[in-house]
Every structure is written in C-alpha cells, then in structure tokens.
Amino acid sequence: MTSPGDGAPADATAAAADGAAPRGAAPQGTAPQGTAPQGTAPEGAASAAQHDADPRGAAPAGRTADVLLRPLVDADLDALEDMEEALFGAGAWSRASLAEEIAGPGRWYVGAQDRASGELVGYAGLWFDGYDGQVMTVGTRPDAQGRGVGRMLLDALLDHARELGAGDVLLEVRVDNEPALRLYERAGFERFGRRKGYYQPENVDAWTMRRKA
C-alpha cells in the first residue's frame, strides 16, 4: 500500500490530492504519478501496496478461503487500523487516511469477511483516474494468510477495473518482496521500471508493474 496523509508509503500507485497516496507513493496532497503504479506489499501483505498481504497466491489444498467480499464501510475502521499496524508497521496509514481512502472520489475498496467468524481478514483498494486503474493496497491479516485471500482480493480489483473500462492496471511493489512479486506475475503483471527509495522510511526501491485490465 502506499501511504496516505501521514507520509507513510504505500504499495500502490498515484494519489490524488483528496486521498491517500498508494503505498510507497507521495503523501496526501500530491498529484498522481502518471502511469507509474504504486504498490505492493511485503510478506504478510499481498499487494499493490508495499505490504501486499498474503502474497503467496493460491491456497494450499484444504485451506481455501471461505470469505465474503464486500465494500468497506466506516464501521470497518477499527479492524483496518489493526491490520495496517500488523502488516505495514512504520508505513501504516493513519485512521484518518483510511477513512478518506474508503470514501475518496475514484476509489473502490473491498474487504474479505470470514464467513465463520464474521471478522474482516483482508482488504484491497483501487483508484481509477478515468484512464487506468491503480492498485492502492492489498492486505491479508497474518492469521488468514495462505488461504488465497490476497489473490481473491486482487482478482476483485482487476474485475472492477475492467468494468470501469480501464486500459491498464498499475502498481508498485518492494523489490525485496518476492512473495508479492510472484503473486503479481502470476496475475499477469510485468515489471517496467524501478523507483529508488520509493518506500519510506525504509528507503527501499520499488518495481513498477502493469498489465492490461
């Protein structure tokens, strides 16, 4: 994910002046980064964001996810804040930034709710600028990883981008996040650039990736 108004980085690409920047992208108040996607997450997160949670992709036999995908609402903020802290640490978005992202123009955020417990175990967001889609973040709660939740969330973002008529879908991912890179490459994303020191405060480079919607 890319970090919103508090300066934390995000794993997804461009941010509009009214919302959070994708993980690793510029902070709130900056303009979008053009076609450069912003983000994917490290192990423990799947992602478009710097900490894409559940980057392992397909679930092992016998561990498929039994979750309901639904739009995120303000009542999810407590759970989102907890997952942000667990997945992104210093790069976590603030509660205010999360609230702005959920309701921001051009944004579409979806949550994965465990059917058995009713708890939110994952979330992902897309930003559409009228031309391309930007993965803002993908994250799966640590205890729910390895069940394919991250891939389900990513597929939901891609489906929504196609419904919107997006040309490409873009994202950024940490260069050292091999699990997330595998997830994105399996989903058809290709690397097309490298951003120096994209993720702050860790000062880690990001691969920019894209695929046709």
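The values are calculated or read from the model by the stated rules, or taken from the named source; none is laboratory data. None of the values given here were measured: they were computed from a predicted structure. Cβ atoms come from the backbone with ideal geometry, glycine included; neighbour counts cover every protein chain shown.
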Residue among GLY125, GLY104 that alone is at pLDDT 95 or above and touching a Ser or Thr at 6+ places or on another chain (Cβ under 6 Å): GLY125
Residue satisfying all of: in region 79-120; free of Cβ contacts under 8 Å to residues at least 24 places away in the same chain and in a loop (DSSP other than H, G, I, E, B); nearest to the chain's Cα centre (by Cα) among these: GLY118
Condition met for ASP155 (over 21 Å from TRP93 (Cβ atoms) and surrounded by fewer than 16 Cβ atoms within 10 Å (Cβ to Cβ)): yes
Looking only at region 122-143, and only at residues there that are farther than 18 Å from TRP93 by Cβ and in contact (Cβ under 8 Å) with a residue 40 or more places away in the chain, the one that is surrounded by the most Cβ atoms within 10 Å (Cβ to Cβ): GLY133
Failed item in (1) out of contact with any Lys or Arg (no Cβ under 9 Å at 6 or more places or on another chain); (2) assigned to a helix (DSSP H, G or I); (3) crowded, with 16+ Cβ neighbours inside 10 Å, with PRO179 passing the rest: (1)
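Please go through region 177-201 and give me each residue that is among the acidic types (Asp, Glu) and modelled with pLDDT of 95 or more, ordered by number.
Across region 177-201, the qualifying residues are GLU185, GLU190.
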Enumeration of residues in region 182-204 that are part of a strand (DSSP E or B) and crowded, with 16+ Cβ neighbours inside 10 Å: ARG195, TYR198, TYR199, VAL204
